[in-house]
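Colleague: Structure incoming, see below.
The values are calculated or read from the model by the stated rules, or taken from the named source; none is laboratory data. These numbers were taken from a predicted model, which means no experiment stands behind them. Using ideal geometry, Cβ is built from the backbone for each residue, glycine included, and neighbour counts are taken over all protein chains shown.
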Amino acid sequence: MDEALRTSPRATPWRLWLSGGWLTLFFGVALLAPWIAPHDPLYQDLFLQRLPPFWIDGAETGHPLGTDSLGRDVASRLMHGASVAATVALIAGLATCLLGSVLGLLAGFYRGWVDQVISRIVDIWMSFPPVLFAILLVAVIGTGLTSVIVAIIVIDWTRFTRVVRAETMAQARMDYTEAAHVAGMSRFATLMREILPNVAPVILSVLTLQMGIAIVVEAILSFVNLSVSTDDPTWGGMIAEGRVSIHQAWWVLIFPMIALFLTVLSFTQFGDALRNRFDPVLR
Amino acid sequence: MSAYLEITGLNAVLRGTRTRVLRDVSLSVSKGQVHGLVGESGAGKSMIGKAILGVLPRAIEVASGRISLGGQDLGVLPLRERLRVIGSQTAVIPQDPLTALNPSRRIGPQMTDRLTRTLGWQKTRANHRALDLLEEVAIRDPERVLHSYPHELSGGMRQRVLIAAAFAAEPKLIVADEPTTALDVTVQKQILKMIADMQTRHGTTMLFVTHDLGVVARVCQSVSILHSGMVMEEADIRTMLTAPAHPYTAALLAATPRYTDPEASLVPVSDTVLAGVAEAIRASDTLWGRA
Amino acid sequence: MLKRLLLRLISIAITLLGVSIVVFVAVRLVPGNPVAMMLGPGATAEDAAALEALLGLDKSILVQYWIWLTNVVQGDFGTSISLRQDVLTLVLGRLPATLELAFLALVFAALLGGMLAVTGTIRRGGWTENGIDLWNGLTLSTPDFLWGLFLILVFGVWLQIAGISGRISPQLDLPFTTQFYLIESVLRLRFDLTANLIGHMWMPALALALPLSAMIGQLLKQSLKETMHLDYVTLARAKGFTENQVIWREAMRNALAPTLTLTAVQFTHLIGGTVIVERLFSYGGLGNLAIDAVINRDLPLIQGIVLVFAVIFVLINLAVDLLYAVLNPRLRHG
């Protein structure tokens, strides 16, 4: 997302609270899924195929969000799917952030040939369509959760590098950075003490954005059957299955969709609101 | 001589509040005359011009009062009609020639779009008209200027282009909003003379906004002195210069540099005078508050 | 200007070279023996050796890259393993469908985004603008993949007013000689076919367009609002122009430059999005072909498709630079 597209810094606490609330729920469910899920997400009950959710006639009380075409409980699968999504969001998000930010800081602070090389690689990376790149990588290194995470890191580090590099360059031009330099602080110390704290809010907001994107990429890869094994419950896999049985059981599709939508939306809004709150310049 | 522009009891406020930026402004300008609007910065002199043209900033709205052009009350006209009247009968000579021209459009269409869009002229006729006027403001290569972009012209050239554009549609009224303030001192006099000459030749009624009483003495026949959006004194130029009725006018005159007596110039406006002005404003606000 | 262009072309060449190296290396990293995969079961050792020599696999990696690159430059992308056809022919056969879809989406995004921006500018500072901001925020955070699913659910399943798969109804008799169905149907004045094509395309196109439309709407609105209180805009108002005329004639052109740059950059993202959206709507374009290729582990085909996408991306970026220069007279003379 472009800097210019950020929503206005008008303080909207409800944005922070709503998105923060959903994310707490998301991570909570992800953590506790094995204990709070009412059923085994993989258990197939062929006598209870395509049960509708609770507000529609014919629903069973044990299956509040209904069952899919193999008789598996949608609510339980949704909860276990959240675990996969949260794992991907955290690991892929943080690793991408670390790799991309370090490269961005180096390029923006040391300039010269370091910057030349890194920027050129970013240019090359930007010439690949990300989804296709991800699919290609997973095809190359094999399917599975680890591959998905590796693919996301390999593809998306440029998002951090570009933003952090620009921000670092801006900070390096500031008077206080020069003053630190004049005062005899070493280059590395200047980078860590003067620049990094000022770049951190930007990194944080890109990080939350990236966590949302990671979840979508995982869902897309599951959707085309390239993520974790087909049996494991993932939101993307549920969506793929729901897409097939869309005319018989739309609820199999809509619940993972809503979960995905709310989570992605919350990640972007949360990052945005957090930044407005803590960025000393914007505030 | 009949009045062409007539403003009576004009009040403008910050949108949604009762805080006034124009306080009960009344003035009238006879056909073919130049009327000066004089005041320090923030006195609301430009605001009056903007109110006439209907281009007040969004934060400000007209609360009451009447503005009429040639006997036609603008307030009663529906929006489309009002835009048509303003577009066909008025024009502006803006303050800053650097920002008043659209950087991405050529000079030609910017000069003629009032003619072609609002008045429905043929393109060739409008272009001829633009060429004539560019010659009138002493631009040497008018054909080339028409095809130029603003950044290719000097500041003085752009201001002349804007003057030519203002006269292009033979407007009845021109609002000149500090037209020489942003220019080099060396070209100020030349531009001022050009505006005065054009005004005489075309017989246009003009509202001349400035903070410079020297400029007023040179080009205006009558003048309104403003402070805090309120008219302190409206008078013909000779009366104002020789026998100012309001102490604030006298103080402003005393503060104007004079070549004949440099010692006497640059006297700051005294506190007693300012207290008098503040008193007048308070009195007016009390009345307004009751209304 | 010429020097700028030259520098751009050199940088493009370097980028494409980098892309080719990445693709080459990525595909060589694949575990398993490509020769065995190409030959299938029942081939003899001699067959394998012959094919290996034919493909240059017995030579050093640098020589292999050089052979591969010269072939690619000459348009020889190899043969698809799963479809047993020339890769370039396959790719070029599917490319028009994807391009048509992407451009239709671009048109949707521009219209929708422009409408939101202009409306928001005219009604700035009120509830209408707040509503537009909220809508843009929601749309921006929703990926094309979810929009696609949502449209399928609403229009395909609940309202049942649109078919949800394919590019054109299969029972139709097609007179086309090129793969650019949409353009050709218009040129041949077969508007019945145009309608059928649009009927299939509007949902995937809209799914691709919505996130971009929000970006356009947001950035353009911001630029317009900044332009709206500049002096020349005030002057235009005093010429008797309505708010609409002022926006379109005076403000739009100067406000457009940043939006166009953003749109062009994001257009590459939109094209990237076709991969999954085509899959979602079973639309027979390049993206759908790519996913099939990956599932079948058809490496020559994947290579070809990725390279074609990269070339398109680079060309779009070049077009942006040129467009920017044309739109900004100061740059043109500078």
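Colleague: Exactly one of (1) touching a residue at least 40 places away in the same chain (Cβ under 8 Å); (2) surrounded by fewer than 22 Cβ atoms within 10 Å (Cβ to Cβ); (3) within 11 Å of chain C (Cβ to nearest Cβ); (4) not aromatic (Phe, Trp, Tyr) is unmet by residue A:220. Its number?
Modeller: Evaluating residue A:220 over (1) touching a residue at least 40 places away in the same chain (Cβ under 8 Å); (2) surrounded by fewer than 22 Cβ atoms within 10 Å (Cβ to Cβ); (3) within 11 Å of chain C (Cβ to nearest Cβ); (4) not aromatic (Phe, Trp, Tyr) leaves (2) as the failure.
Colleague: Scan the range B:31-59 and report the pairs whose first residue is away from chain C (no Cβ under 14 Å) and more than 20 Å from residue B:70 (Cα to Cα) and whose second residue is part of a helix (DSSP H, G or I) and β-branched (Val, Ile, Thr), with Cβ atoms within less than 6 Å and a gap of 6+ or a chain change.
Modeller: The qualifying pairs are B:38/B:216.
Colleague: Give the residue, chosen from C:237, C:253, that is at the interface with chain B (Cβ under 7 Å from one of its Cβ atoms), buried (at least 18 other Cβ atoms within 10 Å of the Cβ) and basic (Lys, Arg). Steps first, answer last, please.
Modeller: Values: C:253 fails: buried (at least 18 other Cβ atoms within 10 Å of the Cβ).
Going through C:237, C:253 in turn, just one is at the interface with chain B (Cβ under 7 Å from one of its Cβ atoms), buried (at least 18 other Cβ atoms within 10 Å of the Cβ) and basic (Lys, Arg): C:237.
Colleague: May I pose another question? Of the conditions (1) at the interface with chain A (Cβ under 10 Å from one of its Cβ atoms); (2) modelled with pLDDT under 85, residue C:309 satisfies every one except a single condition; which number is it?
Modeller: (2)
Colleague: Filter the range C:259-277 down to the residues that are modelled with pLDDT under 85 and either in contact with a strand residue (DSSP E or B) (Cβ under 7 Å, 6 or more places away or on another chain) or at the interface with another protein chain (Cβ under 7 Å from one of its Cβ atoms) (or both) and list them by number.
Modeller: C:262, the sole residue that qualifies.
Colleague: Now for a separate question. Which number in (1) touching a strand residue (DSSP E or B) at 6+ places or on another chain (Cβ under 9 Å); (2) more than 22 Å from residue B:179 (Cα to Cα); (3) surrounded by fewer than 22 Cβ atoms within 10 Å (Cβ to Cβ) marks the one condition that residue B:27 misses?
Modeller: Answer for residue B:27: the failing condition is (2).
Yes/no matrix, rows are residues, columns are (1) more than 15 Å from the chain's Cα centre (by Cα); (2) more than 23 Å from residue C:17 (Cα to Cα):
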site: C:276; (1), (2): no, yes
site: C:281; (1), (2): yes, yes
site: C:302; (1), (2): yes, no
site: C:318; (1), (2): no, no
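Colleague: Can you pull out the residues in the range B:162-194 that are among the β-branched types (Val, Ile, Thr) and under 17 Å from residue C:234 (Cα atoms)?
Modeller: B:163, B:174, B:175
Colleague: Looking at B:92, B:85, can you tell me which residue is touching a strand residue (DSSP E or B) at 6+ places or on another chain (Cβ under 7 Å) and within 7 Å of another protein chain (Cβ to nearest Cβ)?
Modeller: Of the residues listed, the single one that is touching a strand residue (DSSP E or B) at 6+ places or on another chain (Cβ under 7 Å) and within 7 Å of another protein chain (Cβ to nearest Cβ) is B:92.
Colleague: Scan C:280, C:301 and give me the residue that is under 30 Å from residue C:96 (Cα atoms), more than 9 Å from every other protein chain (Cβ to nearest Cβ) and buried (at least 21 other Cβ atoms within 10 Å of the Cβ).
Modeller: C:301
Colleague: Within the range B:100-213, considering only helices (runs of 4 or more DSSP H) that don't extend past its boundaries, which have at least 2 residues that are more than 14 Å from chain C (Cβ to nearest Cβ) and surrounded by 19 or more Cβ atoms within 10 Å (Cβ to Cβ)? Quick ask: steps written out before the conclusion?
Modeller: On the way: elements: B:107-113, B:123-136, B:142-146, B:155-168, B:185-202.
The qualifying helices (runs of 4 or more DSSP H) are B:123-136, B:142-146, B:155-168, B:185-202.
Here's the yes/no breakdown for (1) over 30 Å from residue C:152 (Cβ atoms); (2) at pLDDT 90 or above; (3) touching a Lys or Arg at 6+ places or on another chain (Cβ under 8 Å); (4) surrounded by 23 or more Cβ atoms within 10 Å (Cβ to Cβ):
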{"residue": "C:188", "(1), (2), (3), (4)": "yes, no, no, no"}
{"residue": "C:192", "(1), (2), (3), (4)": "no, no, no, no"}
{"residue": "C:199", "(1), (2), (3), (4)": "no, no, no, no"}
{"residue": "C:207", "(1), (2), (3), (4)": "no, yes, no, yes"}
{"residue": "C:213", "(1), (2), (3), (4)": "no, yes, no, yes"}
{"residue": "C:225", "(1), (2), (3), (4)": "yes, no, yes, no"}
{"residue": "C:231", "(1), (2), (3), (4)": "yes, no, no, no"}
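Colleague: Also, I was wondering about something else. So which of C:159, C:172, C:182 ends up being farther than 30 Å from residue C:325 by Cα, modelled with pLDDT of 80 or more, more than 14 Å from chain B (Cβ to nearest Cβ) and surrounded by fewer than 18 Cβ atoms within 10 Å (Cβ to Cβ)?
Modeller: C:159
Colleague: While we're on this one: Picking from C:128, C:121, which residue would you name as being more than 14 Å from chain A (Cβ to nearest Cβ) and buried (at least 21 other Cβ atoms within 10 Å of the Cβ)? First the steps, then the outcome.
Modeller: Values: C:128 fails: buried (at least 21 other Cβ atoms within 10 Å of the Cβ).
One residue alone meets the criteria, C:121.
Each row is one residue, and each column tells you yes or no for (1) more than 20 Å from residue C:230 (Cα to Cα); (2) of a type in the set (Lys, Arg); (3) more than 14 Å from the chain's Cα centre (by Cα).
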site	(1), (2), (3)
B:13	yes, no, yes
B:24	yes, no, yes
B:37	yes, no, no
B:40	yes, no, yes
B:57	no, no, yes
B:72	yes, no, yes
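Colleague: Continuing with this model, one more query. Can you list residue pairs whose Cβ atoms sit under 8 Å apart, with the first residue in the range C:39-63 being farther than 18 Å from residue C:299 by Cα and of a type in the set (Lys, Arg) and the second being modelled with pLDDT of 75 or more and assigned to a helix (DSSP H, G or I)? Count only pairs 6 or more apart in sequence or on different chains.
Modeller: Correct list of pairs: C:59/C:67.
Colleague: Continuing with the same structure: Of all helices (runs of 4 or more DSSP H) completely enclosed by the range A:111-197, which ones contain at least 2 residues that are more than 14 Å from chain C (Cβ to nearest Cβ) and more than 22 Å from residue C:303 (Cα to Cα)?
Modeller: A:112-126, A:145-172, A:175-182, A:187-190
Colleague: Hey, another quick one. Since residue B:206 meets every condition but one in (1) within 21 Å of residue B:256 (Cβ to Cβ); (2) out of contact with any Lys or Arg (no Cβ under 9 Å at 6 or more places or on another chain), which condition does it not meet?
Modeller: Residue B:206 satisfies every listed condition except (1).
Colleague: Quick check, is residue B:129 in contact (Cβ under 8 Å) with a residue 24 or more places away in the chain, within 19 Å of residue C:247 (Cα to Cα) and out of contact with any Pro (no Cβ under 6 Å at 6 or more places or on another chain)?
Modeller: no
Colleague: OK, next. Within the range B:60-99, work out how many residues are assigned to a loop (DSSP other than H, G, I, E, B) and either touching a residue at least 12 places away in the same chain (Cβ under 8 Å) or of a type outside the set (Val, Ile, Thr) (or both).
Modeller: 9
Colleague: Which ones in the range B:1-18 are among the β-branched types (Val, Ile, Thr) and touching a strand residue (DSSP E or B) at 6+ places or on another chain (Cβ under 6 Å)?
Modeller: Across the range B:1-18, the qualifying residues are B:7, B:8, B:13.
Colleague: Right, something else. For the range A:234-283, how many residues meet the condition of being modelled with pLDDT of 85 or more and either among the basic types (Lys, Arg) or not in a helix (DSSP H, G or I) (or both)?
Modeller: The number of residues fulfilling the criteria is 1.
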